[in-house]
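The structure appears below as structure tokens.
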Amino acid sequence: MKNFKWGIESFDSRPIYVVLFVSRRKDNMDIENFEERRMSFITHDTYNDVRLQTKFREFVNRGRKGELSRMYISINERDAVAIYKKLLLFLIESPDFNLCSIESKLAGIAAQKECAKTKRWMFDFDSKDDEKREEFLYDLRDAIGDETCGIHVHETPHGYAIITDHGFDTRELVKKWTDVGLKRDDLLCVDWVYSERV
């Protein structure tokens, strides 16, 4: 009976993140008969962890030659207790649910805003203009008014994602920067790779 203990682990206090691998139609318009692919799950791993990198490369290599795939990770850690409660409720209310789809369902539950443990915000800055980005960062620091609040800048395929450690009054900032999107809990594009499959 020892075999039935496979995969049973005790509670792990490490942060939990939602991960999405996706190959989108709009990134691959030039590939004939293209079919979108996606894979979502939760993990303790961060972008730099070899396991996550390996898993993403396997996803990329399943695509067709020249196909672009992206990796997204939640900007906020997820709350394990909230996820657990929502999953239990869903399973009780959905006795016909296909258990083979549990991984993506779990990611969907974890991605809900009620399951966010941290309160980071992300600004979608769709420009590669360095001068404009520095001006935005100056205005952002001024709007936050809290020197202890971290600001993290990440390059994305079309510009930058700028993440703050917490929220603040954005009214004056968004009046000036109407073309910068604010996302209070979202996924950050951390990698994008073309398949070299023959």
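Descriptive notes on the structure:
- Screening 87, 106 for residues that are free of Cβ contacts under 8 Å to residues at least 24 places away in the same chain, farther than 30 Å from residue 196 by Cα and among the aliphatic types (A, V, I, L, M) leaves exactly one candidate, 87.
- Only one entry of 110, 80 meets the criterion of being among the small types (Gly, Ala, Ser), over 14 Å from the mean Cα position of the chain (by Cα) and closer than 29 Å to residue 49 by Cα, and that entry is 80.
Conditions (1) surrounded by 15 or more Cβ atoms within 10 Å (Cβ to Cβ); (2) modelled with pLDDT of 95 or more; (3) among the acidic types (Asp, Glu); (4) part of a loop (DSSP other than H, G, I, E, B), marked per residue:
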residue: 122; (1), (2), (3), (4): yes, yes, no, no
residue: 127; (1), (2), (3), (4): no, no, no, yes
residue: 135; (1), (2), (3), (4): no, yes, yes, no
residue: 161; (1), (2), (3), (4): yes, yes, no, no
residue: 196; (1), (2), (3), (4): no, no, yes, yes
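- Looking only at the range 85-101, and only at residues there that are surrounded by fewer than 14 Cβ atoms within 10 Å (Cβ to Cβ) and of a type in the set (A, V, I, L, M), the one that is nearest to residue 21 (Cα to Cα): 99
- The selection criterion, being closer than 26 Å to residue 178 by Cβ, touching a residue at least 24 places away in the same chain (Cβ under 8 Å) and not hydrophobic (A, V, I, L, M, F, W, C), does not hold for residue 79.
- Scanning the range 175-194 for residues that are over 17 Å from the mean Cα position of the chain (by Cα), surrounded by 14 or more Cβ atoms within 10 Å (Cβ to Cβ) and not in a strand (DSSP E or B) yields 177, 180.
- In this entry, residue 125 passes the filter for residues that are under 27 Å from residue 28 (Cβ atoms) and in contact (Cβ under 8 Å) with a residue 12 or more places away in the chain.
- Among the candidates 40, 69, 10, 101, residue that is at pLDDT below 95, of a type in the set (Gly, Ala, Ser) and either in contact with a strand residue (DSSP E or B) (Cβ under 6 Å, 6 or more places away or on another chain) or assigned to a loop (DSSP other than H, G, I, E, B) (or both): 10
- Conditions (1) in a strand (DSSP E or B); (2) over 23 Å from residue 190 (Cβ atoms); number of the one not met by residue 168: (1)
- Entry remark, the range 165-198: residues being over 17 Å from residue 150 (Cβ atoms) and of a type in the set (Gly, Ala, Ser) number 2 in total.
- Between 41, 34, the distinction of being hydrophobic (A, V, I, L, M, F, W, C), under 25 Å from residue 184 (Cα atoms) and either in contact (Cβ under 8 Å) with a residue 12 or more places away in the chain or surrounded by 19 or more Cβ atoms within 10 Å (Cβ to Cβ) (or both) belongs to 41 only.
- Hey, residue 101 free of Cβ contacts under 8 Å to residues at least 12 places away in the same chain, out of contact with any Ser or Thr (no Cβ under 6 Å at 6 or more places or on another chain) and polar (S, T, N, Q) or not: yes
- The single condition among (1) surrounded by 17 or more Cβ atoms within 10 Å (Cβ to Cβ); (2) touching a Cys at 6+ places or on another chain (Cβ under 6 Å) that residue 82 does not satisfy is (1).
- Condition check for residue 101 on (1) more than 20 Å from the chain's Cα centre (by Cα); (2) within 24 Å of residue 36 (Cβ to Cβ): one failure, at (1).
The values are calculated or read from the model by the stated rules, or taken from the named source; none is laboratory data. Fair warning: this is a prediction, and the values are worked out from it, not measured in the lab. Backbone-built Cβ (ideal geometry, glycine too); neighbour counts: all protein chains shown.
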